[in-house]
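J.: First the structure, then my questions, so here it is.
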Amino acid sequence: MYEEFKNEFFAGISLGILVASILGGVAAMSVLMHGTGIAQMLQLVAVVTACMLYNGSVLSQQKPKTIFNMFLLSVAVNVVIATFNFIQ
């Protein structure tokens, strides 16, 4: 998967920004559906941090491997948090 990302780098980062932002929005919505307590705010901080790590790595022109890893981290964090909150 990384080789495909590296070969089509600009298409990959554009698609990655869309996917990471949409998943981040879904995860944030799922967190806020359960209120605005301290536990929800900590989850929201994790969601925003994960999304911003990816966006920041793209904007600061990191190496393709770093950007790809930040994308995978962002997707993983957002999917776990969204799944946890939708199951609850």
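Bear in mind these aren't lab numbers, they're just calculated from the coordinates by the rules spelled out. All figures in this text were calculated on a predicted structure; none of them were measured in a lab. No Cβ is skipped: glycine too gets one built from the backbone with ideal geometry, and neighbour counts run over all protein chains shown.
J.: Angle, helix 38-59 long axis vs. longest principal axis of the chain, Cα atoms, 0 to 90°, nearest 10?
T.: Compared with the principal axis, the helix lies near 10 degrees.
J.: Another question about this same structure. Checking a compactness column here: for the chain, what do you get for Rg(Cα) / (2.2 N^0.38 Å), N being the number of residues?
T.: 1.14
J.: Measuring from label point to label point, each 7 Å out along Cα→Cβ, what is the Phe9 to Gln61 span in nm?
T.: The answer from the label model is 1.0 nm.
J.: Turning to a different aspect of this structure: Mind pulling the angle between the C-alpha long axis of helix 64-87 and the longest principal axis of the chain? Nearest 10 degrees, somewhere in 0 to 90.
T.: The helix 64-87 is inclined about 20 degrees to the chain.
J.: Using the 10 angstrom Cβ neighbour count as an exposure proxy, how do Lys63, Lys6 rank, fewest first?
T.: In order of increasing Cβ crowding within 10 Å: Lys63, Lys6.
J.: Starting from 0.36 nm per residue, how many nanometres of slack lie between Ser21 and Asn69 once their C-alpha separation is accounted for? Display every interim value, and only then the final one.
T.: Numbers: separation 48, 0.36 × 48 = 17.28 nm, distance 1.58 nm.
So the extension gain works out to 15.7 nm.
J.: Let me ask you something else. Relative contact order for the chain: what percent, with Cα pairs under 8 Å and sequence separation of 6 or more?
T.: On the way: 68 pairs, mean separation 34.9, N = 88.
That works out to 40 percent.
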